[in-house]
Amino acid sequence: MSDSAWISTSLPYLTPQEKGQPEAWAAEAASLGGKGTQRITYAGEATPPEEVATLLALSAEETVIVRRRVIELDGGPYELTDTYYPAHIARGTRLADARKIPGGAVKLLAELGHVGVRVCEDVTARMPSPEERDVLRLAPDEPVLHLSRVTLDSDDRPFQADMMVMPALRRRLRYEIRIG
C-alpha cells in the first residue's frame, strides 16, 4: 500500500455484516490491496468524556462501555477508534469484552434491538496529543483528523458514539448525500 490519501466512506461501518462477510475495515483494505486488522486495547465500563456524554444524552453520573481499538493497515497503526455505548445497553454483552465480536458490533446491536437509522458526524483537524502521535507513529508536525459520530435509532435515541483519530495526510473522507 502506498502512503497516498485513502478515500473512505462511513456507510459500510454502519450496516450489519451478512454471515460470512469480512468485517468492514478488512473488506475496505482488501479492496485496495491491503490487509486491514484491528487490535482491541481496552473494553469495559468507564466515565465518558464530556463530548461523548453529550452525544449519548447521558447525565453526569451515567457510565458507558467503551471499546478502544487501534485500527491497523498492513501491520501498522492507521487510526485510533474509541466506541462508546450507554452501560444500560452494553453491560453484560460482548460489547464489554476485549475480544472481536462475531459479525461485528453493528450486528450485535441490531440483535439487541438497537438499529441505527440516523448518523451525525463531525470532522475537525487538529494536532495530535503526544500519545496519539506516538501510537500512530506521526511526524512532529503532522496533523490528525478527529471524527466524532453518533448513531441514533428510529425514535431518535442515541446508542453509540465513536471518536476516531486518523492521520490527516493519509485520509480523505467521502460523503455522498441523496436528496429526496
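The values are calculated or read from the model by the stated rules, or taken from the named source; none is laboratory data. All of these numbers come straight from a predicted model, not from anything done at the bench. Positions of Cβ are generated from backbone atoms using ideal geometry, with glycine treated the same way; all protein chains shown enter the neighbour counts.
Any residue in the range 56-80 that is over 22 Å from Val165 (Cα atoms) sitting within a Cβ distance under 6 Å of a residue that is crowded, with 18+ Cβ neighbours inside 10 Å and aliphatic (A, V, I, L, M)? List the pairs, counting only those 6 or more apart or interchain.
Filtered contacts from the range 56-80: Thr63/Ala87.
Any residue that is in contact with a Ser or Thr (Cβ under 7 Å, 6 or more places away or on another chain), crowded, with 16+ Cβ neighbours inside 10 Å and modelled with pLDDT under 95 - is there at least one of those in the range 165-172?
Yes, the range 165-172 contains a residue that is in contact with a Ser or Thr (Cβ under 7 Å, 6 or more places away or on another chain), crowded, with 16+ Cβ neighbours inside 10 Å and modelled with pLDDT under 95.
Scan the range 102-115 for residues that are modelled with pLDDT of 90 or more and not in a helix (DSSP H, G or I) and jot them down.
Within the range 102-115, Leu112, Gly113, His114, Val115 meet the criteria.
If Gly75 satisfies every condition in (1) exposed (fewer than 14 other Cβ atoms within 10 Å of the Cβ); (2) at pLDDT 90 or above but one, which is the exception?
(2)
Based on what the data block shows, is Ala53 on the phi < 0 side of the Ramachandran plot and part of a helix (DSSP H, G or I)? Give the steps one after another, and end with the answer.
Numbers: on the phi < 0 side of the Ramachandran plot: yes; part of a helix (DSSP H, G or I): yes.
It is true that Ala53 is on the phi < 0 side of the Ramachandran plot and part of a helix (DSSP H, G or I).
Please verify whether the range 147-162 includes one or more residues that are closer than 22 Å to Ile40 by Cβ, modelled with pLDDT of 95 or more and charged (D, E, K, R).
Taking every residue of the range 147-162 in turn, at least one turns out to be closer than 22 Å to Ile40 by Cβ, modelled with pLDDT of 95 or more and charged (D, E, K, R).
Considering each of Ser148, Ser154 in turn, give the residue that is touching a strand residue (DSSP E or B) at 6+ places or on another chain (Cβ under 8 Å), of a type in the set (Ser, Thr, Tyr) and either closer than 19 Å to Arg69 by Cβ or assigned to a loop (DSSP other than H, G, I, E, B) (or both). Let's see the steps before the verdict.
On the way: Ser154 fails: touching a strand residue (DSSP E or B) at 6+ places or on another chain (Cβ under 8 Å).
Just a single option satisfies the conditions, and that option is Ser148.
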